[in-house]
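Structure record follows, encoded as structure tokens.
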Amino acid sequence: MSDAPTPPHHVDWEPQSEFASRAPAELPPAADDRERAPWRHVLKLGAAAFAVWFLLYAPTLQHNAQVSPVGTRRTVSLDVTGPVAAVSRALQLSHIVSITGRGSGLGGPSGGLTVSGPRPGGQPVGGSLPKSGSNPKQGGTKPTTPTTVPPDPKEPTAANPLRVLIVGDSIGIDLGDALQPDLAQTGVVTAALDGRVSTGLTRPDYFNWPAQLAADLKSQNPQVVVIMIGANDAQDFLGPPDTPYTSPQWNTLYAQRVAQFMQIAQSGGATVVWVGMPPMQNPGLNAQMSDVDAVVQQQAVKTHPPVTYLSTARSLGTAQGGYTAFVTNGAGQVVNVRTPDGTHLTPGGGQVAAQQVIAELQTLGYKIP
């Protein structure tokens, strides 16, 4: 044999007969006496668990596919989830999901209505008060309804606070999370926030914003409505027939949806402020949001009375209206206003937009400290 050293990469292969004669290697027993299962059993168990999960949640997954943007991914998702969802419904498995309360994470848009700030301290407007010096129990003069002048909403007080409703999608929530406490902390504004993630005006089959806004108006009776919606609206209108986002008809349909939403917001006599989408880091999305904002701005002027449209292109962007993650606020401080996804607002960005809204309300004559 040669005395030359064995190179580092050299491998001494054992004869096949010697390898075959050995018993299969076994893992040593676990220190805590747990049973070890072969990997094939673990794989089968995992596949079975996934199959059960898929069967339970197939209707929810199908719904999420139905409300997703029209395209190949949506078509494939519907083809895959459709038959399984039908079986799940036939077996009424949704009751199991409802009982466990685990369906909310995969279901409709998250969010809901929250209210902050002072409550009115006096009797409701139009209520009746006994006349001074009379006592109905002693047979005195029948109480009469005094003639009172409703408080001026532009001069709110703690006893008669200004009622503001903020509605929007996930970016609207970014605004509302800052605007709501800012208004409530003044002591003269009651601020309600209804934000819904992944919603908009193009897909009422997923979330019906006109109906929700009407419900919010009924419950809150706002004097000011602040809207920030549109981030999810650059997608096809479902038919039949579908109206592609890139078609000329899309702008007409979207303008109708926006005009309807503005009219509902104004139906109770409230002042309406619509906050536009900020510049986006993704060029394609940025172009889409510019289209959406242009339609909203046009409808704001056409509505009677006009809706106040607030552009955030420069307050949350560059001087030219382009995307930037950092801006200088009114105090001269550099603020990070955008999250890493280049779409949403950071708390600092929400604060910049909130102060822009408050400044606009002050310009409109609302005495908000």
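Taken together, the values in this text are just the output of simple stated rules run on the coordinates, not laboratory data. Predicted model, so just to flag it, every value in this text is computed and none were measured. Quick reminder, even Gly has a Cβ in these numbers, built from the backbone with ideal geometry, and neighbours come from all protein chains shown.
For the reader, a short list of remarks on this structure follows.
- Ranking PRO279, GLY349, ALA159 by how far each Cα lies toward the positive end of the dipole of the stretch 111-363 (charges on Cβ) leaves ALA159 at the top.
- Across the stretch 111-363, counting alpha-carbon atoms alone, Rg and Dmax equal 21.1, 77 Å.
- Neighbourhood net charge (15 Å Cβ-Cβ; Lys/Arg +1, Asp/Glu -1) for VAL307: 0
- Relative contact order, whole percent, for the stretch 195-308 stands at 30, derived from Cα pairs under 8 Å and 6 or more residues apart.
- Projected onto its three principal axes, the C-alpha set of the stretch 213-369 covers 51, 38, 25 Å, listed from the longest axis down.
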